[in-house]
Structures are given as structure tokens and as C-alpha cells.
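Take a look at the structure set out below.
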Amino acid sequence: MPAYAVIGAQWGDEGKGKIIDFLAENAAIVARYSGGNNAGHTVVNEGGTFKLHLVPSGICWPHTMNVIGNGVVVDPDVLIKEINENNLVPNRLSVSDRAHLIMPYHVVIDQLEEQRRGDAALGTTGRGVGPAYVDKVSRQGIRVGELLDAEDLNLRLTKIVGFKNELITKIYGGDPVDLDNIFEQTRKWASELAPYIKPVENLVAAAIDKKENVIVEGAQGALLDLDHGTYPFVTSSNPTVGGTLTGLGMGPNSYGGVAGVFKAYCTRVGAGPFPTEIHGEQGNRIREMAGEFGVTTGRARRIGWFDGVAAKYSARVNGFDGMIITRLDTLDGWDEIKICVAYEIDGVRTDQFPVDSVMLDRAKPIYESVTGWTESTRSITRPNQINQGAKAYLNKLEKVVGIPVKIVSTGPHRKETLVLEDLMS
Ligand code: IMO
Ligand code: MG
């Protein structure tokens, strides 16, 4: 009936794109609310394989309107490329006039800041996402709707680019960006994007009023949240449920449910604490089997066992009422599978997630093991096809996190999905 949020519950890359493409069959709208093209969502269905960074993962359904909300930061070149690659038209995609633009100087500054951090680099995706949000908060940002008024935009850009070039050259020792080039780019963006720019918040509100399904699509993950994640090793927006409300201009009573997408194990790209990280052979085995390399940057993902302490925290911060477990099939054939149920920090056992990154770095995982299974779970779609071992693992996850598993993904293709409980009922 109303809105359903599908939110990354770990450190991103949980398989949100695949799940949203699956669920969008029954959705009037799929809406992104946060982040930018730091996201990398892979969708595989009868139409082929789609690697999406900015446009929502509902684009493969002809009846679904895809919406980029005000909370997103938009690199216009990336948006235009994804529109063209996917043959999108304005009645399939809209972008909020209040979303902020990622400008060329944001990308330059993101990369220069990372270089300057040296050993303490965060491992950002280098897409300008952080600096664009900085400008939004410091009220120097440029909103998508401003593209439609060239005269005013040029006045603002002249001042802003002057300041950015001082920063780039004098603080970072980089090369300045060219103002005339940027003017020209904004004209091209305006002419290509104008038909897509709308107050999308009204579209979302109207669909909810009509009791049509709206799927709210997460990017990144709860543990990368600016407020609730492992700061400072986080992204610059709020992927958690609060971000959906500000990022789309909707109220909490619109929600019929909030589901968290968890991998059956954990991954993380970039720097930051990762208590259950598996080093060496076992980690490599999962990485190779599951192709754990970033869709956006191609970086090898760090691999870890399922972290039940972090998962419970994520469930609380988001108010999840269900888990969606992805990549279960990657665990086929292991003798033993570990689940972290508590941490030991400075000799003390705790099941509370320490949000302080320095403390989290000292956390030693306390594991419980379940016996693995030899039967394949790949491509299964019906509950009676789950073997006893895999079922015991899912039951254990439910017990540790305290919420039911509603959907299990058993392969990258849309069809490789097992529904245990209807998410949108
Ligand atoms: P999806 O939507 C995984 C990580 C980066 C880095 C940190 C900050 O595919 O799940 P940023 O460029 O956002 O300033 O980088 O956040 N990161 C992600 N990791 N999946 C993502 O998106 C991510 N988006 C950002 O690796 O550690
Ligand atoms: Mg990804």
C-alpha cells in the first residue's frame, strides 16, 4: 500500500539494487533519497545486466517512475550518461529541483583532500560526494533547479568558483578549474536535463495519497551513516531511515515497512574499523567466489563474517521490521560458518555496538559457529528447497538480530529470489 524503505544495513554493497529491481514490479515509484554516484547498484534480469550509480533500480519496469530526491547529490554528467545508456525519458525518471549538484570542483577537491590525508585517507570513492554535501551545509551549494536560470547561476558561480580556486591552488597546491568551461557545461546540463527536473516530492506524496506502492531505495549502508556510522570512516549523508524523510520530504506515517538488506557475511570498502574482518585464505575464497570488487571503483572489498552486534545496532537505528539476506549461496560448501554475537573490548564482553571508531577498532569478535551445508542454495526460489543447514543459519541470524528474515537472495538474477514473507502486504 504505502511506502517501503529498503535500506543497506551494513557497510554498503549489500545487494540493494538487485532486491529493489525485484520488488519494483509492484511499485508505482522507486525513489532515491541520499548519496550520489558513490553508489554502485547491479541489476540483472531478462533485459541484461545494468550497473547503476545514480538512477534508481526500478528503471527496468516500464510502469515504474524513478525519482531522485532532494537529499541526493547529482553529478549531471553521470545522470545524462545513465539516461542515455538506459533510454530513459521524462515519464520514467525525475530529479528534484532541490537536489544539489556535484560540480567539477567537488570531484577535484575530494581527490586532493584524500591525497592530503595521506596514511589517514578515508578511501572515499573520489566522486565529489563529500565536498558537495559540505557546500550544501555551508550554503554554497548549487541546486539542480538553478540550472534553469542561467543569469543567476552565473553570478553565483563566479563567486563560488573564485573561492574554490583559491582553496584548490593555495591550500591543496592543485590546478584551478576553468570558470568559462563550467558556464558552458551548465548550459549543456540545463538543455539535456530540463525535462526531468521537477518537484519530485509532490509525485511521491501523490502516490502515497493514492495508496500506490513507493519503494524508497537506500544507497550506502547504516554503518556508513554520517551520524550513526563509524565516524569519520563514513559517507557524508544519512543512509539510515531518518535520511529517507528529509531526503524525499515525507512523513514517517507513510511507511508500511522498513527492511534492512544484509549480506550473509560482511564486506567493507575503504578504511575504517571492521571487527569481523577475515584476513588471508578464507577471505580470498569469499572474495573470489562472490566477485567482491567494487562496482564504482573496482577496489577489492574487505571480507568479514556476519557481525550480529553491528546488525542489531543497525536494526535499532533504522527500526527494521524485516531482514533481506543476500548472497546466501556464497556460503554453500563451508564446513563451519561463524557469526559474531558479542565483542570483547579491553577485556569486557559486550553486545552493544560502540559507535566510537577508536573503541570499535579494539573490539575482538566473539563468535558462535553453525555447521555448514554441502547442498547448493544457488537459484532456489521456494522455502521447501532450503536445506537444513542453511535454514539453521537463517534462524540463527533471526535470533541474533531479533527480526524475521523475509527475503533471501540466492543469485544475482532477479529470478534468483526466495520470498519467505511478503514485504509489501
Ligand atoms: P552502495 O550504494 C560501499 C564508502 C567508501 C568510503 C566511504 C566514504 O553501492 O552500497 P564517499 O565517496 O561516500 O565519500 O566515501 O564510504 N562508500 C561505499 N561503500 N558501497 C557504497 O555504496 C558506498 N558509497 C560510499 O568506500 O569508505
Ligand atoms: Mg555497491
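The values are calculated or read from the model by the stated rules, or taken from the named source; none is laboratory data. Everything numeric in this text was worked out from a predicted model, so none of it was measured. Here Cβ is always computed from backbone atoms with ideal geometry, including for glycine, and neighbour counts include all displayed protein chains. In case anyone asks, the SASA skips ligands and DNA or RNA and just uses the protein heavy atoms, side chains included. Shrake-Rupley method; radii C 1.70, N 1.55, O 1.52, S 1.80 Å.
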Using only Cα atoms, find the angle between the long axis of helix 179-193 and the longest principal axis of the chain, and express it within 0 to 90 degrees, rounded to the nearest 10. 70 degrees
Spatially proximal lysines relative to LYS415 (Cα-Cα < 17 Å; intrachain offsets below 8 disregarded): LYS16, LYS18, LYS406
What dipole magnitude, in Debye to the nearest 20, does the chain give about its Cα centre under +1 on Lys/Arg Cβ and -1 on Asp/Glu Cβ? 380 debye
Helix-only estimate, please: 222 nm mean residue ellipticity of the chain, summing -39500 (n - 2.57) across DSSP H runs of length 4 or more and dividing by its residues, to the nearest 500. -9500 deg cm²/dmol
Once the in-chain neighbours fewer than 8 apart are removed, the aspartates and glutamates whose Cα is under 14 Å from LYS364 read GLU277, ASP307, GLU344, ASP346, ASP351
Counting only protein heavy atoms and using a 1.4 Å probe, what share of the accessible area of region 20-171 belongs to carbon plus sulfur, as a whole percent? 52 percent
Near the amide H of VAL72, under 5 Å away, which other amide H atoms are found, from residues 5 or more places off or on another chain, if H is placed in the peptide plane? HIS100
Solvent exposure ordering (accessible area, 1.4 Å, most first) of GLU368, GLU166: GLU166, GLU368
Any idea what angle helix 200-209 forms with the longest principal axis of the chain, computed on alpha-carbon atoms, 0 to 90 degrees, nearest 10? 50 degrees
Which ³J(HN,Hα) values, rounded to whole Hz and listed in residue order, are derived for region 359-373 from phi using the Karplus coefficients 6.51, -1.76 and 1.60 in 6.51 cos²θ - 1.76 cosθ + 1.60 with θ = phi - 60°, glycine and proline given as x? 5, 4, 5, 8, 6, 9, x, 9, 9, 10, 10, 10, 6, x, 9
Whose amide H sits under 5 Å from the amide H of HIS413, counting only residues 5 or more places off or on another chain, with H placed in the peptide plane? none
Rounded to whole Å and ordered largest first, report the semi-axes of the equivalent ellipsoid of region 100-195 derived from its Cα gyration tensor (root of 5λ). 25, 14, 11
Once you have the alpha carbon radius of gyration of region 170-246, what is it after dividing by 2.2 N^0.38 Å, with N set to its residue count? 1.63
State to the nearest 20 debye the size of the charge dipole of region 289-374 about its Cα centre, where the only charges are +1 on K and R beta carbons and -1 on D and E beta carbons. 260 debye
If you fit an axis through the alpha-carbon atoms of helix 76-85 and take the longest principal axis of the Cα set of the chain, what angle between them do you get, 0 to 90°, nearest 10? 60 degrees
Beta bridges per DSSP with both ends in the chain, % antiparallel, nearest 5: 40 percent
For LYS170, list the lysines whose Cα falls under 21 Å from its own Cα; do not include residues on the same chain fewer than 8 positions away. LYS159
Carbon/sulfur fraction of accessible area - region 253-352, other protein chains in place, 1.4 Å, %: 43 percent
What pairs from LYS51/LYS81; LYS164/LYS198; LYS81/LYS198; LYS312/LYS396 go past 22 Å between their alpha carbons? LYS164/LYS198
For region 1-143, what does the accessible surface come to per residue with a 1.4 Å probe? Please give it in Å². 33 Å²
One quarter of the convex hull surface, Cα atoms only: what value does that give for the chain in nm²? 19.9 nm²
